[in-house]
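**Student:** The structure follows.
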Amino acid sequence: MIAAQKIAPALVFLLWIPASAQPAVAPASGESAGPAAGENAGEYNIVQNWELGYRFATAGGDVQKYDADVNYHNGVRLFSGFLSVHSRTGRGAWFDEIVLTASGLGNDPYESAVLRIRKSRLYQYDLQWRQNDYFDPGLVTSAGYHVENFTRRWQDHNLVLFPQSKLRLIAGYGRNSENGPALSSEDLFEGESGNVFALFSNVHRLFNDYRIGGEAEFSGIKLSVMRRWEFYAEQDSPQTLAPGGAAGFVPGLTTLGGFNRAQPVHGTTPAWMAALLADRKKFAVNGRFTYSKAKDNFLLDEAAAGSGLIGAENRLVMTYGNAERPMTTGDLNVSYFPWDRLTITNNTSYSNTRISGNSFFEEIDLATLSADILNFQFLGIRLLTNSTDARYRVSRRFDFFAGYRYSDRQIRSIQSVTTPGAPFTNTAYSQYDHVQAGAAGFNWILAAPLRLHAEAEIGRSDNPFDPIAEKNYHSIDARLQYRRKSLAASAGYRQNYNNNSTVLTAYSAHARDSFANLSWAARDWLAFDAGYQHLHLDTAGGIAFFAGLPRQRLQTGESIYVSNIHAGNFGLRLALGKRADLYLGYSITRDPGDGRSSLLAPGSVPAALYNVQTFPLSFQSPLARLTVPIMSRLKWNAGYQYYGYREDFGLLGNLENYRANTGYTSLLWSF
């Protein structure tokens, strides 16, 4: 009775109040203000830590950009919570263990809670819950008319009966919902000469997942089988523009007579999943298999009327169908150990996704009584991959590995195009792509605290499907690690080069990443860490696009993007005896792009392309956190963090610069 009285209030509190998982400046999550051993109450031992406080935030400049990146605001929070209840004998009446954790509760945009209740040999129940507030201001070119402000919630329940036995029964339920307002745009009738209108919608998406299955162990073999049913629904509110319409944020020559759109989607996906694991002295086998058959019922009904340069406009667009999407995947991993020094591993993976059924696109011009109809019939993507790796341990200090990878991909599609009164014209497409790659590497303990890892891969594809797919590529990865007592250091270099040419255009991408990190606890009261990373990326490829006035025309050019990110961080921890703990940190990120100092375009490069080839910017964020013990079970915490974001020059002159001050004060109480 005593244990129940202490547990119940905290348990109900955490179950019904949201939890935050990503504080702007980290509070004392995971710390305790009381004895780690907790207190005994009846047959249970109880440990509790709660941190309650207030977060403040002020932002200036582009506040929408701040909300998209950070999104912290003023309010009371329960920053962290921890409740642990354990049976001291392992024979509790209804449960042997309750563990409940949360990282922040209240108004933060990232919220989470995790609960586990277990009774040995009888059941184990796990609950995970998260909520994210997501804000996206859209592209700067939309003049603020592309916005999403969603709240997304996840919950997952999993129940295992007889968790310690060789036969376990499993049941579960998951729910994922997304809701909120959104603003988009519609270009009606006249292309570049027509108005672009802002459209409001109230988005509601819901995903439910039910599952039941079991696991069995016999003769060293573990087999699991799961049956699941997934249900998806998306119901956007109808989008409407009244006759005469709101003036578009891009004005033009269109006169709007009215606009209506509705696009509901409902789908179901029953699925089977199975896994097999066997471990013997000379070999180990791990296999997985899934089969699902999704079925969607969807409809897009859009009607638009008005007038433009070519006269009266009255169009009806409908997309509808009940397509099925059967999908089969399989993965088999076999490891063979002929002797202690050698391991040979072979992996074979297979996936086959098909989309088939009755799916139609119809566009009807009621002014001219003409129509176009597209009937989608089939799309199939089949992928088979196989890899073999061998690892040999020369000595306790040195081992190396080598491997060969192969993949075979096929894409098939069938479409039918027709006009009213004419027969369907079927067109079938099929394309294959084969990739072969080799990899090799080694691990070398140069000295007891010093380790070196290096590997490389080179691959070739005979028929990549799109310009950015890998064709002639290679990658290199090397890391050096040093660890001795309280000192740890690491450094590394990675690169990935890809060159590709398709019938559409040529494409190349170069990515390089180098980093170094250092962590040292110099004294019991002094520790610091520092890190630096440089990420370089450049891509080049042909591009075709429509631009120009008064009517859009097909343009061609070369698309180039260059990024050179330099990122550094430093942290210092000071334990000032029993009086206080202090942490100071600083992080900075700078991307100079390709080195240009302004957005002015040279005469040889079209301005439309030159403006989006690089985006130089800088970001810095100093922070401080202080913890002061007040009494044996109570601590006071305070923290502050500054955000400074600046773009050297923005797309079309739009700068998304902002600065923000965030912080918190809290009390950590253990009881």
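We did not get these values from a lab; they are worked out from the coordinates using the rules stated. Remember, it's a predicted structure, so these values are computed and weren't measured experimentally. With ideal geometry, Cβ positions are generated from the backbone for all residues, glycine too; neighbour counts draw on all protein chains shown.
**Student:** Below 8 Å between Cα atoms, with a sequence gap of 6+, how large is the relative contact order for the range 138-322 in percent?
**Tutor:** Values: 480 pairs, mean separation 30.7, N = 185.
Relative contact order, the range 138-322: 17 percent.
**Student:** How much FRET efficiency would the formula 1/(1 + (r/R0)^6) give for Leu199 and His434, where r is the Cβ-Cβ distance and R0 is 30 Å, rounded to 0.05?
**Tutor:** Computed FRET efficiency for Leu199 and His434 comes out at 0.10.
**Student:** Relative to the present Cα-Cα distance, how much length would full extension add between Leu276 and Asn499 at 0.36 nm per residue of separation?
**Tutor:** That works out to 76.3 nm of additional length.
**Student:** Given H placed on each backbone N at 1.01 Å, which residues far from Tyr123 in sequence or on other chains put an amide H within less than 5 Å of it?
**Tutor:** Here the answer is Phe162, since their amide H atoms fall under 5 Å of that of Tyr123.
**Student:** Moving on to the next point. Take every Cα pair under 8 Å in the range 327-439 that's 6+ residues apart, average their separations, divide by the length, and report that relative contact order as a whole percent.
**Tutor:** Relative contact order here is 22 percent.
**Student:** Okay, moving on. Where does each of His510, His146 land when they are ranked from fewest to most other beta-carbon atoms within 10 angstrom?
**Tutor:** Going from sparsest to densest Cβ surroundings: His510, His146.
**Student:** Moving on to the next point. With label points built 7 Å along Cα→Cβ from the Cα atoms of Ile458 and Leu518, find their separation and express it in nm.
**Tutor:** Modelled inter-label distance: 3.7 nm.
**Student:** Check the straight Cα-Cα distances from Lys578 and name the aspartates and glutamates below 12 Å, setting aside those fewer than 8 residues away within the same chain.
**Tutor:** Partners found: none.
**Student:** Pulled fully out, how much extra length does the chain show between Asn297 and Ala216, if you take 0.36 nm times their separation in residues and subtract their Cα-Cα distance?
**Tutor:** 25.4 nm
**Student:** Here's a follow-up. Using the 10 angstrom Cβ neighbour count as an exposure proxy, how do Phe218, Phe259 rank, fewest first?
**Tutor:** The most exposed by this proxy come first: Phe218, Phe259.
**Student:** Next up: Between Leu446 and Leu167, what is 0.36 nm times their sequence separation minus the Cα-Cα distance? Round to one decimal in nm.
**Tutor:** On the way: separation 279, 0.36 × 279 = 100.44 nm, distance 4.71 nm.
Additional length available on full extension: 95.7 nm.
**Student:** Along Cα→Cβ, 7 Å out, is where each label goes; now give me the distance between the ones at Asn358 and Thr385 in nm to one decimal.
**Tutor:** The answer from the label model is 3.8 nm.
**Student:** How high is the relative contact order of the chain, in percent, counting Cα pairs under 8 Å that sit 6 or more residues apart? Write down the numbers at each step before the final one.
**Tutor:** Values: 1948 pairs, mean separation 62.3, N = 671.
Relative contact order, the chain: 9 percent.
**Student:** Let me ask something else. Can you give the Rg/Rh ratio of the range 327-439, where Rg is from the C-alpha atoms and Rh is the Kirkwood radius? List each step's numbers first, then the result.
**Tutor:** On the way: Rg = 24.4 Å, Rh = 18.3 Å.
For the range 327-439, the value is 1.33.
**Student:** How would you order 202-210, 612-620, 445-453 from highest to lowest mean count of nearby Cβ atoms within 10 Å?
**Tutor:** Put in order of decreasing packing, that is 612-620, 202-210, 445-453.
**Student:** Within the P(r) computed for the chain, what percentage of the Cα pairs occupies the region above 47 Å?
**Tutor:** When every Cα pair of the chain is considered, 32 percent fall beyond 47 Å.
**Student:** Right, something else. Based on DSSP H runs of at least 4 residues, each adding -39500 (n - 2.57), what is the mean residue ellipticity at 222 nm of the chain after dividing by all its residues, to the nearest 500 deg cm²/dmol?
**Tutor:** The helix-only estimate for the chain comes to -1000 deg cm²/dmol at 222 nm.
**Student:** Right, here's the next one. Using 1/(1 + (r/R0)^6) with R0 = 41 angstrom and r between the beta carbons of Asn333 and Phe56, what's the FRET efficiency to the nearest 0.05?
**Tutor:** It comes to 0.20.
**Student:** If you don't mind, another one. So how far apart, in nm, are the two label points at Arg590 and Gln481 if each is 7 Å from Cα heading toward Cβ?
**Tutor:** Reported label-point gap for Arg590 and Gln481 is 3.1 nm.
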